[in-house]
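The values are calculated or read from the model by the stated rules, or taken from the named source; none is laboratory data. Note that the coordinates shown come from a computational prediction; the quantities given were computed from them, not determined experimentally. Cβ atoms come from the backbone with ideal geometry, glycine included; neighbour counts cover every protein chain shown.
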Amino acid sequence: MDRKPATLVVTIALRVLAVAGIALTPAWNASAQLRPIVREMMENLSSVDRIGEGIALNDYDYAAQAARDLKDRAKKMKKVKLDEIGLDPAQTRQFHAYLDAQARAADVILAAAKKQDGAGTYGGLQALYNDACLPCHTHFRETANLLSPATLFMTTFLNSWRAVYRGLAMNDFPLINRSSEEIGAMARVMSWDQIIEDVFDLEDPLERKDFRKKAHQVAVSAANMASAATREDKGAIIGAAGTMWIEGCIACHDQFRD
């Protein structure tokens, strides 16, 4: 494996550990208050992945339905009361503005998908990240000190995950290979005792064992994605990504967050 991804992830791990030493407990407790909308956020991510798959497979009906789901979910999330998730109700207008941005980006994706315009569909995804997801997280999580060390770690993980789908959209197999190797390296770092204890706050031996199993599944899937990328086999890449998502990411969140 290229040393750069591993070096990058070790640097990330050290940074996360440094943050963990500052304010792990209050950040962890505060992030728990966001759990009522975690499921909607996971569904948003699932929709994004489906759009990426649709672009990669030229299945624009599939991408269009995922865009409709994003728009419907933005409407649904407007019914969330901020005081019930630990945020200031006075910020409701701003929260709704980001949801409106999500709906507008979904409209862009939907319009492009109807034209079978891959570049336009991907452009809508970029608008979603830039105008809705990232500024909303910055506004509501960083300012409320809710970016726990675990969240910082997972944010970096998701950056590499999105790069895999960007590579699929652009037929950039070296990008998929590099990003998959980064994901695999991060999964291995997640199995370190110090990371499990200081970042993910798991002390029970059985929980640690289960957590390592989930991390191992992610690492195996990442290796399969990297191998498929060298063969330029899109079907195998998407299959491995699906296994990672369901048996690694979702399974881990179901057990350790819900």
Do you know which of the residues in segment 150-192 that are among the aromatic types (F, W, Y) and farther than 17 Å from K214 by Cα is nearest to the chain's Cα centre (by Cα)? Y165
Return a yes/no flag: does segment 150-162 have any residue that is touching a Ser or Thr at 6+ places or on another chain (Cβ under 9 Å), surrounded by fewer than 16 Cβ atoms within 10 Å (Cβ to Cβ) and part of a helix (DSSP H, G or I). yes
Flag for R162 being among the basic types (K, R) and within 20 Å of S47 (Cβ to Cβ): yes
Is it the case that some residue within segment 63-83 is out of contact with any Lys or Arg (no Cβ under 6 Å at 6 or more places or on another chain), assigned to a helix (DSSP H, G or I), aliphatic (A, V, I, L, M) and modelled with pLDDT under 90? yes
For G52, which of the numbered conditions (1) more than 18 Å from G242 (Cα to Cα); (2) under 22 Å from the mean Cα position of the chain (by Cα); (3) not hydrophobic (A, V, I, L, M, F, W, C) fails to hold? (1)
Here are the criteria: (1) part of a helix (DSSP H, G or I); (2) surrounded by fewer than 21 Cβ atoms within 10 Å (Cβ to Cβ). Tell me which single one D201 does not satisfy. (1)
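Quick grid of which residues meet (1) hydrophobic (A, V, I, L, M, F, W, C); (2) out of contact with any His (no Cβ under 9 Å at 6 or more places or on another chain); (3) at pLDDT below 80:
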residue: A132; (1), (2), (3): yes, yes, no
residue: H139; (1), (2), (3): no, yes, no
residue: M154; (1), (2), (3): yes, yes, yes
residue: D172; (1), (2), (3): no, yes, no
residue: I176; (1), (2), (3): yes, yes, no
residue: D204; (1), (2), (3): no, yes, no
Cβ-Cβ under 7 Å pairs, at least 6 apart or on other chains, segment 113-134 side assigned by TED's automatic domain parsing to the domain that holds A163, far side surrounded by 15 or more Cβ atoms within 10 Å (Cβ to Cβ) and in a helix (DSSP H, G or I): none
May I ask you to list the residues in segment 211-254 that are touching a Phe, Trp or Tyr at 6+ places or on another chain (Cβ under 8 Å) and over 14 Å from L168 (Cα atoms)? F211, C252
Just to be sure before I move on: is A105 part of a helix (DSSP H, G or I), under 20 Å from the mean Cα position of the chain (by Cα) and of a type in the set (G, A, S) in the structure I sent? yes
Report the residue count in segment 221-250 for those that are over 18 Å from the mean Cα position of the chain (by Cα) and either in a helix (DSSP H, G or I) or among the β-branched types (V, I, T) (or both). 11
Going by what's in this entry, would T92 be described as modelled with pLDDT of 85 or more, surrounded by fewer than 17 Cβ atoms within 10 Å (Cβ to Cβ) and among the β-branched types (V, I, T)? yes
